1. For chain A, return all DSSP H helices satisfying: extent of Cα atoms along own axis at least 20 Å; mean Kyte-Doolittle hydropathy at least 0.5.
2. Run the helix sum for chain A: -39,500 (n - 2.57) per DSSP H stretch of 4+ residues, divided by residue count, reported at 222 nm to the nearest 500 deg cm²/dmol.
3. Inside 10 Å of the C-beta atoms of B:187-197, what's the mean count of C-beta atoms belonging to other chains?
4. With all pairs of different alpha carbon atoms counted, what Kirkwood hydrodynamic radius in Å does segment B:216-258 show?
5. Net charge near B:Asp11: determine it from the other residues with C-beta under 9 Å of the C-beta of B:Asp11, scoring Lys and Arg +1 and Asp and Glu -1.
6. Defining the label point at 7 Å along Cα→Cβ, can you sort the distances from A:His189 to the same site in each other copy, shortest first, in nm?
7. For B:93-100, what's the mean count of beta carbons from other chains sitting within 10 Å of each residue's beta carbon?
8. Among A:Gly17, A:His251, A:Phe173, whose Cα projects farthest towards the positive end of the dipole of chain A, with charges put on the beta-carbon of Lys, Arg (+1) and Asp, Glu (-1)?
Number of protein chains: 2
Amino acid sequence: MRALIVYAHPDANSLTGSLKDLAVSALRADGHEVVVSDLYAMKWQSAADYTDFDGITGPDFMHASGTAYESGRLNADIRSEQQKLLDADLVVLLFPLWWFTVPAILKGWIDRVFTYGFAYGADIPRYGDGPLAGKRAMVATLTGGRAGHYTARGVNGPTDDLLFPLNHGLLHFTGFDVLPPFVEHSAVHLDDQSYNGIAERFRQRLDTAFTTEPIPYRSEAGGDYTGLTHPDGSELIPGLETPGTSGFALHVSDPTRS
Amino acid sequence: MRALIVYAHPDANSLTGSLKDLAVSALRADGHEVVVSDLYAMKWQSAADYTDFDGITGPDFMHASGTAYESGRLNADIRSEQQKLLDADLVVLLFPLWWFTVPAILKGWIDRVFTYGFAYGADIPRYGDGPLAGKRAMVATLTGGRAGHYTARGVNGPTDDLLFPLNHGLLHFTGFDVLPPFVEHSAVHLDDQSYNGIAERFRQRLDTAFTTEPIPYRSEAGGDYTGLTHPDGSELIPGLETPGTSGFALHVSDPTRS
């Protein structure tokens, strides 16, 4: 199979950098082809702007990106990343958690690559089907805080909820089967034993990336919601929710395994 | 009072750009001083990296940022934004919602300006107190989707939950009183009537920015959690939760007004 690792850390000698090297070697040892988008090394442009569209301007930024996509006029760096996504069977997003989400350079990869027409659009199914359906994706992230800040009652909020806009709003939206995230806390000033534990857990997740059960997000494309074209918006069909759930947990068919 | 508007849109003629101009004139008409950080016009650097630290490298990126902050060696553009924050009584973050969070250039403003030592650190109180306590902040954002995608049962998840990492994890974390966000959906291809409605609602929020009740987030600094230095992490004190709430709603003392 083919794996794409999208990696964002400013220091190749960081823990995140070490895990990138580990992911490349582990996936290759498992017989997969591996491509890495090392965003800092690529000096990836973060800010999405009209210079991406080869002179296409209006009528609005979103539709300008769609026009540029449809006519093959997106910047070459964007087209290259879109092709990597189309070629991949597995996408791993690997980054340190900065202010509870991705670093800006990775947000810039998302903003610029997931254009109108390519990733979403008026007639493109979403949440359970879509242009990237059939592929798997896994978020892998490290935090400096203690795990007890990220529990169900933890002051930061639960990691799964903090990652919902990314896992559900980007990856599930565009069709991916989204694997449970790989998250390690207290990932600063590690001794060898702590590092080896993290590395072993990550290797295990990579070795099982094609067999792990995805998060059981509900499917708009499959009829769990009133639907993209419903004039009032798309809401969960009454009665489908697991009793007692609310918030983001509504969108998982079995909240005990997300 | 003094207001800082941090504005991120690649097109000055966009709806977001119009609302920026409106915010400047409305706040000035109310007698406030207004400073704008127009991130695209400033060609703000998004990617946080070691070039921000005047040669300071180790031992890890987070602490390198703290060392650079403490020694006054952060890049001049970062120090300037930190001073704007310290000078402000009100901060408005104004942006289009891209993939359910801020555009990359605004994430880059957050990543680079909210450094260790300035915004957070081992001995700096958080969530209810902190370096930016006494100031107010308001998120103002526009989406292209219909409001019915963002309701309690909407497929995208509720806007308040999608904005929790920003409102709670950044703004409340660093001490701000966080106002309910200004959010407008279906903000594409507007006729004059729709635009005027949005503009009037935004003006009303700006006129009341110093009197609106903030979101009643719970306070770690005030003792609602086990606390930053608790060895197991910081969790909500048992019994404080509103019965029946879970997820992000746990962190609001009155979930009916967030």
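1. On the way: long enough: A:15-29 (21 Å, 0.68); A:192-207 (22 Å, -1.51).
Within chain A the helices that satisfy the rule are A:15-29.
2. On the way: 6 runs with 67 residues, N = 258.
Calculated mean residue ellipticity at 222 nm is -8000 deg cm²/dmol.
3. Numbers: counts 1, 5, 3, 0, 0, 0, 0, 0, 0, 0, 0.
Whole-number average of other-chain Cβ neighbours for B:187-197 is 1.
4. Numbers: mean 1/r = 0.0927 Å⁻¹.
Its Kirkwood hydrodynamic radius stands at 10.8 Å.
5. On the way: positive: none; negative: A:Asp49, A:Asp60.
Cβ neighbours under 9 Å give a net charge of -2.
6. 5.7
7. Numbers: counts 0, 0, 0, 3, 1, 7, 13, 8.
For peptide B:93-100, the averaged partner shielding equals 4.
8. Farthest towards the positive pole: A:Gly17.
Laboratory data are not the source of any read-out in this text; all were calculated from the coordinates shown. Computed from a predicted model, the values in this text were never measured in an experiment. Don't worry about glycine lacking a Cβ; one is built from the backbone with ideal geometry, like all the others, and counts go over all protein chains shown.
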